[in-house]
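Down below is the structure, laid out as structure tokens.
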Amino acid sequence: MRRYGVWVPLLFLLPAMGILFFLQFFVWSWNINIALHDVTLMNFQKEWDFVGLQNFIRVFTDPTTMASLKNTAIFTISSVSLQMFFGTAISYFLYRADSLVEKIFRPIIIIPWLSSVVVAAFSWKLMAAENIGFINRILSAIGFHRINFLGNSNAAMFLVVLASIWWGTPFVILLLSSAMTSLSPQLVEVAKIDGATEWIFFTRVALPILLPFLVVALILTTVWAFNQFSLVLLLTEGGPMNATRVFPLHGYQAAFDLGEFSYGSAVSLGALIMNMVLVYLYIKVSGVEFAD
Amino acid sequence: MSEKTSRILILISYSIFTLLPIYWTTNLSFQKDVSFPPTYFPDDFGVVNYINLLNTRGIVTSILNSLMVAALSALVSIIVCSMAGYAFSQLEMWGKKFLFGAVLATLLLPPTLNIIPMYSVFSELGWLNSRLAMVLLYQLSNMPLNTFLFTNYFDTIEEPIVESAIVDGAGPFRRFVSIFIPLSKPAVIAGYLFAFRFSWMEYLFGATFIKAPSKRLFPAALKVAVRSSQYSVDYGIMTAGGILLLVPTLLILVFGQRYLEAGLQLGGVD
């Protein structure tokens, strides 16, 4: 580590910090500015009237908002818990597998991480399509009724959650796999000699070592699931009857479908505050220290 | 059944879950007529869906646009992030931890939450329908992972090499260009692949900010192309489009898996 005054390091950091300042700091301030004014498609490029907190009051007294918050809770809780469950299990099984087995399965399992949200949405739409969908093909082959996934509230939510698990779990696997390299193989051998079963080794030895990484994965998947809406937009457009209209989608559609930009900004700031509270709670409850 | 067998069975089941949607999309994409009832394998094999897709107005242009935007975004990303990583890893400066934290915080502040103010700002600046503005915007999403990657990689470069460069009179700029970058080929490749992957795949910003057909990016153009009319969806175009959108990133996996994995190890949030 070497000192060169302020200017040399600053010069190296300038492009990155310029981008952060403009696209984070300035744009977040602009978001607050829009939320405090009345901005719609009508006056978008004209004068904006200052309305104080009125947009926030409108958002949080709107019954559609309450419905969308409920959808977000259902979506986030089911998607995150299953992503964490599958992510932990599969990365652990990959870690415990022979290197040949691992070499075969790892690339297959990370394919969704390389899939655009459009690929995820299109392929699950095709899986669930009423006539040509794989799921309905199987259901009718074994004598069940076909399900109209996009016409039934519960089925649509199920589909969105399923697609988000498919899309999001590989990231958890990648993150935890790099953490598991710190679990040395000798540890397993020592535990085996001491008579520990696989389950005891996993819960008593592996989990405590992995805990900080699990908390990081939990925080990231929660924030991403909470704010995820492009997948929902492409799969169901929030339908049927707003059954999958999650909270951030509620803001996006208010802005870009109805031209209510201020309303949308108030939603996104609401989402930001909820994110910060969730992250704070996770860090407090887990008791993991994130110094440095 | 031994524990080993059951572990492999679980991996197989999860792999089937992963592959099913891809298999089904591929299967349908090679059927001449994507209609009822579908078969498990294309018995009327044909590439007509791909031909229809490529003949759809604006699709080929959008593929070229996306390739250009992704290639340029990735190049800019490795320049910006290697410079930042060098400062974080090698130079001492007041407030560095705070700035590193600001990069880290980007992971927890999803840019999509800011799409409305960005739209407003880009509109004021005349940046809507601009592919270069997308290159700039994608830098934000690519920054955390690539900055960690370069910071951690530069940390592993051995001190004697740096010391001897200093003895030879190389200043901080010289060392960056002639020592750190040339010794960091794996990080440069991984960083390029990460940023290319993200920028090629991104849908929401591209679809919201670029409406001019000649400038559209591929994911957004596909979404427009599958809507054959207001109420109907062209499944043929959907299948072929999904596969074409997936192929470049799958090629990254096939040819760059070594770099991706090493890169993720370094870029991991630890």
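Over segment B:59-172, what lengths in whole Å, largest first, do the semi-axes of the equivalent ellipsoid take, defined as the square roots of 5 times the eigenvalues of the alpha-carbon gyration tensor?
Computed over segment B:59-172, the values are 33, 18, 12 Å.
In segment A:214-292, which GluC sites (Glu not before Pro) are in a loop and have at most 13 other Cβ atoms within 10 Å, using DSSP for the loop call?
Passing both the DSSP loop test and the Cβ count: A:E289.
When the Cα centres of segment B:94-168 and segment A:34-85 are compared, how far apart do they sit, in Å?
Each part's Cα centre sits 28 Å from the other's.
Among A:L233, A:F261, A:L187, whose Cα projects farthest towards the positive end of the dipole of segment A:175-292, with charges put on the beta-carbon of Lys, Arg (+1) and Asp, Glu (-1)?
The residue sitting farthest along the positive end of the dipole is A:L187.
Given Cβ point charges of +1 (Lys, Arg) and -1 (Asp, Glu) and nothing else, what value in debye, to the nearest 20, does the dipole of segment A:167-292 about its Cα centre take?
That gives segment A:167-292 a dipole magnitude of about 140 debye.
With an 8 Å cut-off on Cα pairs and a minimum separation of 6 or more residues, tell me the relative contact order of segment A:53-286 in percent.
30
May I have the pair-distance distribution P(r) for chain A, computed from all Cα-Cα distances with 10 Å bins from 0 and rounded to whole percent?
6, 20, 26, 25, 16, 6, 1, 0
Alpha carbons only, please: Rg and Dmax for the protein assembly as shown, in angstrom.
Final numbers for Rg and Dmax: 24.4, 79 Å.
From Cα coordinates alone, what are the radius of gyration and Dmax values for segment A:172-250 in angstrom?
Cα only, segment A:172-250: 19.3, 59 Å (Rg, Dmax).
Distance between Cα centroids, segment A:212-271 to segment A:176-206: provide it in whole Å.
39
Just to be sure I understand: if I project the alpha-carbon convex hull of segment B:210-270 onto a plane and average over all orientations, what area do I get in nm²?
6.6
In segment B:100-182, which GluC sites (Glu not before Pro) fall in coil by DSSP and have 12 or fewer other Cβ atoms within 10 Å?
B:E158
Which whole number gives the average, over all residues in B:24-35, of C-beta atoms from other chains lying within 10 Å of the residue C-beta?
Neighbouring Cβ atoms belonging to other protein chains average 3 per residue here.
Semi-axes of the equivalent ellipsoid of segment B:58-267: what are they in whole Å, largest first, if each equals the square root of 5 times a C-alpha gyration tensor eigenvalue?
After scaling each eigenvalue by five and taking roots: 37, 20, 14 Å.
Across peptide B:84-97, how many C-beta atoms of other chains are within 10 Å of each residue C-beta, on average?
5
Specify the longest stretch of chain B that does not include any exposed loop site, a site being one of the trypsin sites (Lys or Arg not before Pro) with a non-H, G, I, E, B DSSP assignment and at most 15 other Cβ atoms within 10 Å.
Longest run free of exposed loop sites: B:58-210.
Given labels modelled 7 Å from the Cα in the Cβ direction, how far is it in nm from B:E3 to B:K96?
So the two model labels end up 4.4 nm from each other.
Mind checking the dipole of chain B: about its Cα centre, +1 per Lys or Arg Cβ, -1 per Asp or Glu Cβ, Debye to the nearest 20?
My answer is approximately 620 debye.
Among B:M118, B:V80, B:G267, whose Cα sits farthest toward the positive end of the charge dipole of chain B (+1 at Cβ of Lys/Arg, -1 at Cβ of Asp/Glu, about the Cα centre)?
My answer, from the dipole projection, is B:M118.
Filter the chymotrypsin sites (Phe, Trp or Tyr not before Pro) in segment B:90-124 to those in DSSP coil with at most 15 other Cβ atoms within 10 Å of their Cβ, and list the result.
Those that pass, being in a loop and sparsely packed, are B:W94.
Kindly state, as a whole number, the per residue volume in cubic angstrom of the convex hull around the alpha carbon atoms of segment A:66-169.
124
Would you kindly give the portion of the calculated P(r) for segment B:1-46 that falls above 14 Å, as a percent of all Cα pairs?
59
Readers should treat all values here as calculations from the given coordinates under stated rules, not as data from a laboratory. As the structure is a computational prediction, the values presented were derived from the model and not from experiment. When we count neighbours, we look across all protein chains shown, and the Cβ atoms used for this are built from the backbone with ideal geometry, even at glycine.
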